[in-house]
Structures are given as C-alpha cells and as structure tokens.
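Asker: Shown below is the structure under consideration.
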Amino acid sequence: MPYQDIVTEDQRLVILRTLEETNHSANDSIMQKVLNQYGHNITRDQIKSHFAWLQEQGLIRIEEIASTHVAHLTRRGHDIANGRGKAPGVATPTPRG
C-alpha cells in the first residue's frame, strides 16, 4: 500500500476515535489540533474533505454552522472506531489497553 494511503487511513481513524472519546462530536478546528498532536500536519480544508468522505461512508454526520463543520459520530462510525467492523479507506484500530 502506498505511504499516502496509509497516512490517509490513519487520519480517518484518528478522527473517528477522537469523536468516540469526545462525546461523539467535534468541529474541524478542534480536530485539526488533535491530528497535529498525533503527528499529522493537516489543514482545515483537508479535515473538511475527510469529514465529507466519512459522511459518504455513513461513519459521521456533518452539521454546518457558519463556516465551521461539526462532525457527529454515527453508530457505524462508533463500531469502526472500536474495531467491531471494517471500512475500506479507514485504518483498522489496534486494541486499546
């Protein structure tokens, strides 16, 4: 698998896991800061692209408030974040512990 695909899949997993840990919702600005903490230097536009892709897969729901996008985790997204399912394009989580 190409390096960029690995990075993209990891970024999407970090988004889902962050939503799982933060009351199931977060905005694009907060998500950018979280991804930076995980070593992903990513723009808000890239976050919004990931949000759109994840929504198309049924893993999140997006709410637009002015120019800010707020992502809400769906039940399917919850399952993927916790390793109880797989979604092509999202890294498979390792067990937490």
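Asker: Through the Karplus equation 6.51 cos²θ - 1.76 cosθ + 1.60, θ set to phi - 60°, convert the phi angles of region 35-49 into ³J(HN,Hα) values in whole Hz; use x for Gly and Pro.
Answerer: Karplus values, whole Hz, x for Gly and Pro: 4, 4, 5, 8, x, 9, 7, 9, 8, 5, 4, 5, 4, 4, 5.
Asker: Would you mind calculating the relative contact order of region 3-82 from Cα pairs under 8 angstrom and at least 6 residues apart, reporting the percent as a whole number? Display every interim value, and only then the final one.
Answerer: Working: 92 pairs, mean separation 27.2, N = 80.
The normalised contact order for region 3-82 reaches 34 percent.
Asker: In square angstrom, what is the accessible area per residue of the chain with a 1.4 angstrom probe?
Answerer: Accessible surface, normalised per residue, equals 59 Å².
Asker: In the chain, carbon and sulfur make up what percent of the accessible area (probe 1.4 Å)?
Answerer: The C+S portion of the solvent-accessible surface of the chain is 48 percent.
Asker: Using a Gaussian network model of the chain whose springs link C-alpha atoms within less than 10 Å, name the residue from Ile42, Ile65, Ile80 with the highest mean-square fluctuation.
Answerer: Highest fluctuation of the listed residues: Ile65.
Asker: Separate question: Label points 7 Å out from Cα along the Cβ direction at Thr94 and Gln37: separation in nm?
Answerer: The two pseudo-label positions are separated by 1.9 nm.
Asker: Tell me the net charge near Val14. Cut-off is 13 Å between Cβ atoms, Val14 excluded, with +1 for each Lys or Arg and -1 for each Asp or Glu.
Answerer: -1
Asker: Next up: With Cα extents along the principal axes in Å defined as stated, name the option among (1) 46, 21, 17; (2) 36, 28, 26; (3) 46, 38, 27 computed from the structure displayed.
Answerer: From the options (1) 46, 21, 17; (2) 36, 28, 26; (3) 46, 38, 27, the structure gives (2).
Asker: Sticking with this one: Report the FRET efficiency, 1/(1 + (r/R0)^6), for Glu64 and Glu21, where r is their Cβ-Cβ distance and R0 is 30 Å, rounded to 0.05. Present the calculation step by step, with values, prior to reporting the outcome.
Answerer: Working: r = 23 Å, r/R0 = 0.77.
That pair, Glu64 with Glu21, gives E of 0.85.
The values are calculated or read from the model by the stated rules, or taken from the named source; none is laboratory data. Computed from a prediction, not measured in an experiment: that's the story for all the values here. For neighbour counting, all protein chains shown are included, and Cβ atoms are generated from backbone atoms with ideal geometry for every residue, glycine included. The accessibility values were calculated without ligands, DNA or RNA, using every heavy atom of the protein model including side chains. Shrake-Rupley method; radii C 1.70, N 1.55, O 1.52, S 1.80 Å.
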